[in-house]
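Okay, structure first, notes after.
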Amino acid sequence: MTAWLRQHAEALRRAFRRSTRPAGLLGALVIGVALALPAGGYALLEGARALGARANLDPQISVLLRPDVKRADAEALAGALRADRRIAKFRFVPREDALKELSAVQGMPEILAALGRNPLPDAYVVTARDEAIEPLVADLGKLPAVASVQADAQWARRLAALAAIGRLAVWLLAALLGVGLVAVTFNTIGLQVLTEREEIEVLRLIGATDAFIQRPFHYQGLLQGLAGGAVALAIVGIGLTLLNREVGTLAASYGSAFRFAPPGLGDAAAIVGFAGLIGWTGAHLSVSRRLREMGS
Amino acid sequence: MISFSSVAKRYPGGQEALRDVSFTVEAGMLAFVTGRSGAGKSTLLKLIPAIERPSAGSVIVNGQNVGALKRPAIPYLRRNIGLIFQDQKLLYDRSVYDNVALPLAFSGQAPREAAKRVRAALDKVGLLAREKANPVQLSGGEQQRVAIARAVVNRPALLLADEPTANLDAESATRILEIFVAFNQVGVTVLVATHDQALVSRFGKQVLHLEGGRIGAAP
């Protein structure tokens, strides 16, 4: 057991020495820059998703009645709404209440005073039971007392749909770059194996197993990948900090404190782990292939 | 210890290096393989640690049929065989000490025990004082002695040397052979390939003479 640990420690020490050479650092940088792309994209998408979630995603519909509809007729509409099974709940908003709500917004009382009368119609706020609200919106529009129908949540749902497409794109990018980075590691470790060919041949002649010979290369690939993951995180962190300065100004003009959050602990660990896996895989494929080529 | 029966070795190009070779070297013996260059000496030696596989016949080492050994088992076979080559195969990016310590990296000795073994091996070949030197700084004969120290550091039961004295002057060559004799006297089986007939006859040991890939009568 201690012999086994000693061998691993020695392999790790050798791998570390190699990884800190210019070629090793360059390899880590390549992995880092390439992985920063999907990692950064993911962080931006998570931000967009948070923005969408903050908006009300319930399929809510505003039904505005014609101004000439009498209050009794307007209240009578409730029966028709109650009968519709696609509607989860609804709420009647009399025009006086709507005016009161609007007056609470800064600057509005002056405008309303200038108008001299209540410009708002009576309305119903309807919450649909499911996501497919288009047929319901069309049917509500056909009711006699209704002037227009607005589906408020649509923009938020479009944002969510866009984010889903973006997420797929990020995953595809990560997968493609992952394959590319395995190839990059395959190459750098392969060159390393070639420069140590003489030593490997001697080691084989004196009875070293392939596992022993491969071990430092495995660790080298792993370290290079992990370092690459850390570089990717650093790039994303710096990029988001710069971006947030500009976003902050924009968001403040909308009265929002929105910021893009840096990757959390779990996401950061996943990125570094993924990078390490890439490095190890590239190294393993490379060194086992070279050893096969060298024969026994 | 080593037993060849009807061994043939044909290389992929069609060249026949060994033909119908049969012999036995008992444990604890010192034997020479002689013959001109190209007679098949190196091939014969390479069959023993499974660097090459026989095309026909069987090579038995320590009761193991080496020709049929699976690849993953080969390293463990080699750990019990000390190999010495004409070109030493030392690593010139590290000290004499580290060269000799190389086989101990994977045999599981504690560092203190490993250091003791390395120094003991260097002492036996008379190079204890040069442990910190780089092999490049040593003469050909000294480099060959470092290679011997590396071969014996794991205390193998069998030593194989392929033309260990080919590039050395007579005095260094004699010294190398005396080291082999000394190991043989403490029970190590030794097989040395050489084209130097004169050197061999001075020792009066078992001789396997190869001619055109066959065992023949010594001249």
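Just so it is clear, none of the values below were taken in a lab; they were calculated from the coordinates. Not measured: the values here are computed from a predicted model. Every residue, glycine among them, receives a Cβ derived from its backbone with ideal geometry; neighbour counts consider all protein chains shown.
Structural remarks
- Range of Cα positions in the range A:148-296 per principal axis (Å), largest first: 85, 31, 21
- Counting only other chain Cβ atoms within 10 Å of each residue's Cβ, the peptide A:207-213 averages 6.
- A straight Cα-to-Cα reach below 27 Å connects A:K70 with the lysines A:K89, A:K100, A:K142, residues fewer than 8 places away in its own chain not being considered.
- Distant alpha-carbon pairs in chain A (separation over 38 angstrom), percent: 45
- Among A:L194, A:V272, A:A80 the positive-end extreme of the charge dipole of the protein assembly as shown (Cβ point charges): A:L194
- Computed log₁₀ I(q)/I(0) - Debye formula, equal Cα scatterers, no solvent, the protein assembly as shown, q 0.08, 0.13 Å⁻¹: -0.69, -1.19
- Trypsin sites (Lys or Arg not before Pro) lying in DSSP loop within the range A:81-138, provided at most 11 other Cβ fall within 10 Å: A:R85, A:R117
- Proximal aspartates and glutamates relative to B:K41, as straight alpha-carbon distance under 19 Å, when same-chain residues fewer than 8 apart are discounted: B:E16, B:D20, B:E26, B:E52, B:D87, B:D162, B:E163, B:D196, B:E211
- Inverse of mean 1/r across different Cα pairs in the range B:62-156, Kirkwood, Å: 13.9
- As a length-normalised measure over Cα pairs under 8 Å and 6 or more apart, the relative contact order of chain A settles at 31 percent.
- Remark: the range A:13-135 carries a charge dipole of roughly 1240 debye about the Cα centre, counting +1 on each Lys and Arg Cβ and -1 on each Asp and Glu Cβ.
- Extent along principal axes [Cα atoms of the range B:1-78; Å; largest to smallest]: 29, 28, 19
- Charged side chains reduced to their Cβ positions (Lys and Arg at +1, Asp and Glu at -1) give chain A a dipole of some 580 debye around its Cα centre.
- Over the C-alpha trace of the range B:111-190, radius of gyration and Dmax come out as 12.4, 38 angstrom.
- Charges were assigned to the Cβ only: +1 to each Lys and Arg, -1 to each Asp and Glu. The resulting dipole of the protein assembly as shown about its Cα centre is roughly 900 debye.
- For the range A:1-125, the convex hull drawn through the C-alpha positions has a volume of 262 cubic angstrom per residue.
- Pairs of Cα atoms nearer than 8 Å and 6+ residues apart set the relative contact order; for the range B:1-72 it is 38 percent.
- Dipole-positive endmost among A:A98, A:V125, A:G40 within the range A:1-133 (Cβ charges, Cα centre): A:G40
- Chain B: projected area of the alpha-carbon convex hull, averaged over directions, in nm²: 12.0
- Computed over chain B: relative contact order in percent, which uses C-alpha pairs under 8 Å that are six or more apart: 31
- Net charge over other residues, Cβ less than 15 angstrom from the Cβ of A:D97 (K, R count +1; D, E count -1): 0
- Selected from B:G28, B:I48, B:L104, residue furthest toward positive end of dipole (the range B:27-175; charges at beta carbon): B:L104
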